[in-house]
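Worksheet: the structure to be examined is printed underneath.
The values are calculated or read from the model by the stated rules, or taken from the named source; none is laboratory data. These numbers come from a predicted model, not from an experiment. Counting neighbours? That spans all protein chains shown, and the Cβs are built from the backbone with ideal geometry, glycine included. Note: areas computed on protein heavy atoms with side chains; ligands, DNA, RNA excluded. Shrake-Rupley method; radii C 1.70, N 1.55, O 1.52, S 1.80 Å.
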Amino acid sequence: MTGVLVKTCLLGALALTLLHSGAEAQCEETVIEQQFPGSYLAEFTVPAPTEITSFSLTITFSTPVDNVIYNDGTVTKVDDYTFILENPNMHANPGEGVHAKFTVEFTHNIPYVVNEVFNGEEICATFATTPVPMLNPCEETGMTPYDYNQALCMSFVFYEAQRSGKLPADQRVNWRFDSALDDGSDVGHDLTGGYYDAGDHVKFGFPMAYTATVLAWGLIDFAEGYEAAGQTDYGRVAVKWATDYFLKAHTATDELYGQVGNGGTDHAFWGRPEDMTMARPSYKIDEQKPGSDLAGETAAALAAASIVFQDVDSAYAAEMLGVAKELYDFADNYRDIYDNSITDATQYYHSWSGYGDELAWAALWLARATGDDTYLDRAKGHWDEFDFLADDVQQFSWDDKRAGVFALLTLLDGSSEYSDPLVKYLDWLKTTAPYTPQGLVFLDQWGANRHAANVAYISLWAAKHGIDTAANEEWARGQIGQLLGDNPLYQSFVVGFGENPPQRPHHRSSSCPSPPQTCDGMMTYDGPNHHVLYGALVGGPAQDGTYNDDRQDYQHNEVACDYNAAYSGALAALIELS
């Protein structure tokens, strides 16, 4: 038969289902006769090879199935993908047709029959050679010199690939399914949801909170770019996936869960998050074991997100703002570096810059969200207390927020005391900072692309607010161009975008083939990842400009939620400028 391949494209709030033929998608013995929302009626037909006195059919589907109904016999569920249909009373002579009609019920993507075992004999195994690919849900728009619209759309597809928990019906990444539904059960709380950090499956709260803050910042200050690209709703959804989790993780006034999953145990597992069986411990900060940087950054995320949602869901915005205030006070009243309390995070996300920048950052976002100058005064107090200018600023990142503090103090106060350090930093980036031979500003050997995108965003923000507008715009456009392919390597560093994009990002779930195949050997597999991780920004080149598309090179080819945060805002800024 001719199978059916479904590609779901979300345009605004509307989902359009497009059907394409693809004979490889479905075993030919099974025909879908009628399709309904969330179910279909199918018939299995095969000639009897010998006399048949009973019937047994083991069916494996391409995606998870909720239920199979077979009215002529019994159904045994092996797992979410595999079901056994049996009828002990069926009889057929050699050559006669054996028929079985059954109904398949599902929640997300349509499940195709990819493997059949009839009376002990395998008669179809399409998944072994021809998996059904996911198509890019983001169309080209013709924007030049680079399609910033498409790149921004794809960035939010990447965030959908990073989702943990129960996935929604409008999930566009069709190779991801519900996962980690027991998160928090070890401590009696629901800690499901949020984002997997990078190519792994730990939920690190500190960089996740930074991601949400910066995504929200772009939605606020480059709203016109988001609207022009048609990505405002997707941006809000991406922020809310994180903030919903933060609200769950705030389990008491001075208590916040800041990590789920053990780094060492998680990193020893190369597989799909849907297949995880290891323990996923939950780690918290509280009055006895505080974490000012973690609580402060989470407060900043919720305060910034409250601005994003204040005109579309005022009750949700108010809830976030209330929790943001509590978390900021918790951060300020009970002070310590968070990974002194959540020690498992130290190896991965140690707070090198301390917690002073997060205290100021949180106070500034609360000042902006509330209009209450008390928070602005507290931010200025943190400025004086922590002497942010004692050491030169080199990055704006999940760890060091000082450049962002400069920007927000410039916006909310306007004094040259705060704008001069911002101008000085942006000048340093253009004139003194190290670069690769290709022209990418090189601020760290880990995720150089991410750092270039982060400071490009700061530069575009400054340009919009009248700070060396032409020079900062030009410089930032060049840095984003480097990421999208405007470099002597003719190399896009965004998966699925442009010319010669990476095909082997260090990312477990996209490297693995679709079930029921396993992930065995996928880390060292030489071929491209089995699924295209559309929109993900990879780490990028070494300082000498070299780059290899190597899955095992996590220093240069891993992806992460924080990598795409300021990058998304920079794309929106460039769309706004266009």
State, to one decimal in nm², a quarter of the convex hull surface area for the C-alpha atoms of segment 473-539, i.e. the direction-averaged projected area.
5.0 nm²
Cα atoms only, segment 342-491: Rg and Dmax in Å?
16.2, 51
Taking 0.36 nm per residue of separation between D329 and V423 and subtracting their Cα-Cα distance, the length gained on full extension comes to 30.7 nm
When the Karplus curve 6.51 cos²θ - 1.76 cosθ + 1.60 is applied with θ = phi - 60°, which whole-Hz ³J(HN,Hα) does each residue of segment 324-341 get, with x for Gly and Pro?
4, 4, 4, 5, 5, 4, 4, 4, 7, 7, 10, 9, 5, 6, 4, 7, 6, 9
A chain fully extended from A433 to E385 at 0.36 nm per residue, minus the present Cα-Cα distance, gains in nm 14.5 nm
Can you give the extra length, in nm with one decimal, that the chain gains between D550 and L181 once fully stretched, where that is 0.36 nm per residue apart less the Cα-Cα distance?
129.7 nm
The Rg/Rh figure for segment 104-239, Cα atoms and Kirkwood Rh, to two decimals is 1.06
Just to confirm a number: summing +1 for Lys and Arg and -1 for Asp and Glu over residues other than H506 whose beta-carbon lies under 13 angstrom from that of H506, what do you get?
-3
Take the Cα atoms of segment 280-347, find their three principal axes, and give me the spread along each one in whole Å, biggest first.
39, 29, 15
If you take all C-alpha pairs in segment 510-578, what percent of them are over 21 Å apart?
41 percent
So which GluC sites (Glu not before Pro) in segment 213-288 end up in coil per DSSP with only 12 or fewer other C-beta atoms within 10 Å?
E287
E139 label point, 7 Å along Cα→Cβ, cut-off 18 Å on backbone N: hits in segment 164-179?
172
Averaged per residue, the 1.4 Å probe accessible area of segment 208-265, protein heavy atoms only, in Å², is roughly 26 Å²
Which value in nm describes the separation of the simple spin-label points at D233 and S56, placed 7 Å from the Cα toward the beta carbon?
4.9 nm
Ratio to report: Rg/Rh of the chain, with Cα atoms as the point set and Rh obtained by the Kirkwood method; give two decimals.
1.03
Computed FRET value (nearest 0.05) for Q445 with L247, which takes r as the C-beta separation and R₀ as 30 Å:
0.25
State which entries of K325/K401; K248/K430; K289/K401 exceed 30 angstrom in Cα-Cα distance in the structure shown.
K248/K430
Through the Karplus equation 6.51 cos²θ - 1.76 cosθ + 1.60, θ set to phi - 60°, convert the phi angles of segment 238-248 into ³J(HN,Hα) values in whole Hz; use x for Gly and Pro.
5, 5, 5, 4, 7, 5, 4, 5, 4, 5, 5
First compute the accessible area of segment 420-507 with a 1.4 Å probe, then give the percent of it belonging to carbon and sulfur atoms.
50 percent
Summing -39500 (n - 2.57) over the DSSP H runs of n ≥ 4 in the chain and dividing by its residue number, what mean residue ellipticity at 222 nm do you reach, to the nearest 500 deg cm²/dmol?
-11500 deg cm²/dmol
If E160, E576 are ordered by their accessible area, calculated over protein heavy atoms with a 1.4 Å probe, which sequence runs from highest to lowest?
E576, E160
